[in-house]
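A.B. asks: A single structure is presented below for examination.
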Amino acid sequence: MQTTQEEAGEVAKPSGTILGSLAAAFPRTLPIMAGFLVLGISYGFLMTSRGFPVIYPLAMSALIYAGSMEFVTVDLLMSTFNPWGALMLTLMVNARHLFYGLAMLPVFRGTGRKKPYLIFGMCDETFALESADPHPDGTDKGWYLFFVTLLNQIYWVGGATLGAVLGNLANFDTKGLDFVLTAMFLVLFLEQWRQAEARLPAIIGLLASLACLLVFGPDRFIIPSMVVILAIFILLDFHSQREAS
Amino acid sequence: MTTTQQLITIGIVVLGTMATRFLPFIIWPEGRRPPALVTRLGRLLPAAVMGLLVVYSLRHTHLVGGDHGIYEALALLVTTLVHLRWRNMMVSIACGTLTYMALVQGWLTFLVGLAGLG
């Protein structure tokens, strides 16, 4: 019975236009534009300053499209060839995407030909926006998700290319501007907090990650955090299912 | 590293990243319903992940030594207060970020930089 809930909710919403979906997506992606341009430019500049041709940051930002992993890959390319090590490191750094996929299984259902691209382009920031509100009023869900994904990727690839081609020419001191992404995650966290049923998972996510960061350090805490969060959720679920029956 | 080895390394990183993104959708395509437990976890995870992402984006903050994360703490506080008061995403993000920039650059440098833009 419960599996039909989200479908019933979808039917009730009037379907919006393509243009309306773009108009809804663009302002929501503005903080990401600011953050991605700054980080993208510094990534592109880093790559060319290490002697890589411009096509490298361009192709890597477009194809890998996972910010922190691209910075890690710069180090991989500068050291000795180790394909298995590269694969293991990639899987560890990006394991959090598995969570995004689990959460987006029902959201992406029925998005048709756009679906492979929605999955391909699901970075942290895109997931944060999409899971906070996957279908704003007046939008077509598939097109809205498509535009959020596409705009964010344009900002990132554009920033990386700019940085690679022009170098670090910004005369405006951008130090600290990358805090814009932290501020966005915090605001989306606070928005989740408004829904009563999301408070417990939100606080569990925050405290488990904080504890794992302190124990495992900044380079190794993501997977332990995921394991702890999953374990707590499964225990809570087991408990509530038993109470319900 | 030769160019071929570089291209192989990049290819592996691309494939590994895509594996983490596509795996849930390959295991449970549209025709196949995930177990009820997976669906329930999927509902709880976004809220938890948002907490994880806040911590993740601050992971290099030095609580011990340096400035002890005081700038980050202040900017987070400003973001939270502005958001609770006005509930406007863009305003909250802008206020928090400008506060942080002013703190790490020093107020004077920051204001001169802003004036130089105009």
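The values are calculated or read from the model by the stated rules, or taken from the named source; none is laboratory data. This is a predicted model, so every value here is computed, not measured. No Cβ is skipped: glycine too gets one built from the backbone with ideal geometry, and neighbour counts run over all protein chains shown.
A.B. asks: Just to be sure before I move on: is B:Y100 under 30 Å from A:L207 (Cβ atoms), touching a residue at least 24 places away in the same chain (Cβ under 8 Å), of a type outside the set (V, I, T) and buried (at least 20 other Cβ atoms within 10 Å of the Cβ) in the structure I sent?
C.D. replies: Considered against the rule, which asks whether it is under 30 Å from A:L207 (Cβ atoms), touching a residue at least 24 places away in the same chain (Cβ under 8 Å), of a type outside the set (V, I, T) and buried (at least 20 other Cβ atoms within 10 Å of the Cβ), B:Y100 comes out as yes.
A.B. asks: Something else: I'm trying to understand the selection: among the residues of the stretch A:185-200, which are assigned to a helix (DSSP H, G or I) and either among the acidic types (D, E) or farther than 13 Å from B:V82 by Cα (or both)?
C.D. replies: A:F185, A:L188, A:F189, A:E191, A:Q192, A:W193, A:R194, A:A196, A:E197, A:A198, A:R199, A:L200
A.B. asks: Related question: Any residue at all in the stretch A:153-165 that is assigned by TED's automatic domain parsing to the domain that holds A:F52, surrounded by fewer than 22 Cβ atoms within 10 Å (Cβ to Cβ) and outside any helix (DSSP H, G or I)?
C.D. replies: no
A.B. asks: Of all residues in the stretch A:74-95 being in contact (Cβ under 8 Å) with a residue 12 or more places away in the chain, facing chain B (nearest Cβ under 7 Å) and closer than 25 Å to B:M50 by Cα, which is surrounded by the fewest Cβ atoms within 10 Å (Cβ to Cβ)?
C.D. replies: Residue satisfying both the conditions and the ranking: A:A95.
A.B. asks: Looking at the stretch B:73-90 only, could you name the residues that are of a type outside the set (K, R), surrounded by fewer than 20 Cβ atoms within 10 Å (Cβ to Cβ) and at pLDDT 90 or above?
C.D. replies: B:A73, B:L74, B:L77, B:V78, B:T80, B:L81, B:L84, B:W86
A.B. asks: Sort out which residues of the stretch A:20-74 are in a loop (DSSP other than H, G, I, E, B) and within 15 Å of A:T126 (Cα to Cα), and write them in order of number.
C.D. replies: A:I64, A:Y65, A:A66
A.B. asks: Here is a further query. Going through the stretch A:211-227 one residue at a time, which ones are at pLDDT 95 or above, at the interface with another protein chain (Cβ under 10 Å from one of its Cβ atoms) and surrounded by fewer than 19 Cβ atoms within 10 Å (Cβ to Cβ)?
C.D. replies: A:A211 - this is the single residue of the stretch A:211-227 that is at pLDDT 95 or above, at the interface with another protein chain (Cβ under 10 Å from one of its Cβ atoms) and surrounded by fewer than 19 Cβ atoms within 10 Å (Cβ to Cβ).
A.B. asks: Hey, does the stretch A:177-184 have a residue that's closer than 21 Å to A:F36 by Cβ and assigned to a loop (DSSP other than H, G, I, E, B)?
C.D. replies: yes
A.B. asks: Anything in the stretch A:173-197 that is free of Cβ contacts under 8 Å to residues at least 24 places away in the same chain and either touching an Asp or Glu at 6+ places or on another chain (Cβ under 9 Å) or of a type in the set (D, E, K, R) (or both)? List them, or say none.
C.D. replies: Hits for the stretch A:173-197 are A:D173, A:K175, A:F179, A:T182, A:R194, A:E197.
A.B. asks: Just name the residue that is surrounded by the most Cβ atoms within 10 Å (Cβ to Cβ) out of those in the stretch B:33-55 that are more than 7 Å from chain A (Cβ to nearest Cβ) and modelled with pLDDT of 90 or more.
C.D. replies: Looking at residues that are more than 7 Å from chain A (Cβ to nearest Cβ) and modelled with pLDDT of 90 or more, I get B:A36.
A.B. asks: Give the residues of the stretch B:97-108 that are within 13 Å of A:G176 (Cα to Cα), assigned to a helix (DSSP H, G or I) and more than 7 Å from chain A (Cβ to nearest Cβ), sorted by residue number.
C.D. replies: Passing the criteria: B:L98, B:T99, B:A102, B:L103, B:W107.
A.B. asks: Let me ask something additional. Can you say whether A:A208 is within 12 Å of chain B (Cβ to nearest Cβ), at pLDDT 90 or above and in contact with a helix residue (DSSP H, G or I) (Cβ under 9 Å, 6 or more places away or on another chain), as far as the supplied structure shows?
C.D. replies: Considered against the rule, which asks whether it is within 12 Å of chain B (Cβ to nearest Cβ), at pLDDT 90 or above and in contact with a helix residue (DSSP H, G or I) (Cβ under 9 Å, 6 or more places away or on another chain), A:A208 comes out as yes.
A.B. asks: Could you list, in sequence order, all residues of the stretch A:99-128 that are in contact with a Leu (Cβ under 7 Å, 6 or more places away or on another chain), aliphatic (A, V, I, L, M), touching a residue at least 24 places away in the same chain (Cβ under 8 Å) and at the interface with another protein chain (Cβ under 8 Å from one of its Cβ atoms)?
C.D. replies: Answer for the stretch A:99-128, where residues must be in contact with a Leu (Cβ under 7 Å, 6 or more places away or on another chain), aliphatic (A, V, I, L, M), touching a residue at least 24 places away in the same chain (Cβ under 8 Å) and at the interface with another protein chain (Cβ under 8 Å from one of its Cβ atoms): A:A103, A:A128.
To keep it simple, each residue is scored yes or no on (1) in a helix (DSSP H, G or I); (2) farther than 26 Å from A:R220 by Cα; (3) free of Cβ contacts under 8 Å to residues at least 60 places away in the same chain.
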{"site": "B:P24", "(1), (2), (3)": "yes, no, yes"}
{"site": "B:R33", "(1), (2), (3)": "no, yes, yes"}
{"site": "B:L41", "(1), (2), (3)": "yes, no, yes"}
{"site": "B:A47", "(1), (2), (3)": "yes, no, yes"}
{"site": "B:Y56", "(1), (2), (3)": "yes, no, yes"}
{"site": "B:T61", "(1), (2), (3)": "no, no, yes"}
{"site": "B:E72", "(1), (2), (3)": "yes, no, yes"}
{"site": "B:V78", "(1), (2), (3)": "yes, yes, yes"}
{"site": "B:C95", "(1), (2), (3)": "yes, yes, yes"}
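A.B. asks: Follow-up question, since we're still on this one. Of these, A:T48, A:T73, A:T29, A:T80, which one is modelled with pLDDT under 90 and in the same structural domain as A:Y117 (by TED's automatic domain parsing)?
C.D. replies: A:T48
A.B. asks: Can A:F238 be described as out of contact with any Lys or Arg (no Cβ under 9 Å at 6 or more places or on another chain) and either surrounded by fewer than 16 Cβ atoms within 10 Å (Cβ to Cβ) or within 7 Å of chain B (Cβ to nearest Cβ) (or both)?
C.D. replies: yes
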